[in-house]
């Protein structure tokens, strides 16, 4: 008698319309072209991702005010990502970190709503006398509430640098003009990093908070000579945690 392996037996999940997603991403209502390397561009990843826009999650609601009234729609979007089979989730704006606790309590998988979650780890990697430079989209709205929600309670070794004073970045990312000159934005991001490095020579690494900044990580690293942590590296790290593959070596 021939035995039949059960290794290819599958069971459907009611309400799930597609399968194979690794990372779910909740998104702002945003008017911006997302280029390769951006969290919002699916071609950035070597694995399938699933996006869900959160109704009402505007620049004003999430970045400016971190409006507590946005908790229910963000949680519902997260639950929908779970229903559709995502294994972990993140967001396309670091200021979603203000909702980290509520979302992490609502879904059954790892949640990392802000690239800033990397800050404590990065600081641990540095010598005690070194500091971490963090480039953020809008320094004026970086609230203590947001930082506390993602586990940053001591900022003495962090140098925050907002990009709202950079004209091309502001026009594109904050004012949502609908166009992107990647060369100009890259130069502004590099300039900001160099300004921080010049003013604070004790900086030992750089963290890019904004989900639109990973396309410029290589240029920042080349200009400063410092390690650069960004959101895509973080997402890849989480993906590996929920999609572990056997190591086979080269033989």
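Total residues in the stretch 190-234 satisfying the condition of being in a helix (DSSP H, G or I), under 17 Å from the mean Cα position of the chain (by Cα) and crowded, with 16+ Cβ neighbours inside 10 Å: the figure is 7. Filtering 107, 71 for residues that are surrounded by fewer than 17 Cβ atoms within 10 Å (Cβ to Cβ), under 25 Å from residue 238 (Cβ atoms) and not assigned by TED's automatic domain parsing to the domain that holds residue 216 leaves a single hit, 71. The listed residues are 35, 74, 63, 25, and the only one of them that is part of a strand (DSSP E or B), closer than 17 Å to residue 92 by Cα and within 19 Å of the chain's Cα centre (by Cα) turns out to be 25.
The residues listed here are 81, 113; of these, the one that is closer than 24 Å to residue 37 by Cα and over 15 Å from the mean Cα position of the chain (by Cα) is 81. Pairs linking a residue in the stretch 27-56 that is without any contact (Cβ under 8 Å) to a residue 12 or more places away in the chain to a residue that is assigned to a loop (DSSP other than H, G, I, E, B) and crowded, with 18+ Cβ neighbours inside 10 Å, with Cβ atoms under 8 Å and 6 or more positions apart or on different chains, are 41/34. Residue count for the stretch 120-146 under the criterion of being in contact (Cβ under 8 Å) with a residue 40 or more places away in the chain, out of contact with any strand residue (DSSP E or B) (no Cβ under 6 Å at 6 or more places or on another chain) and assigned to a helix (DSSP H, G or I): the result is 4. Checked against (1) closer than 22 Å to residue 40 by Cα; (2) out of contact with any strand residue (DSSP E or B) (no Cβ under 6 Å at 6 or more places or on another chain); (3) at pLDDT 95 or above; (4) not in a loop (DSSP other than H, G, I, E, B), residue 105 passes all but a single condition, namely (1).
The values are calculated or read from the model by the stated rules, or taken from the named source; none is laboratory data. Here the structure is a predicted model, which is why all the values come from computation and not from measurement. Backbone-built Cβ (ideal geometry, glycine too); neighbour counts: all protein chains shown.
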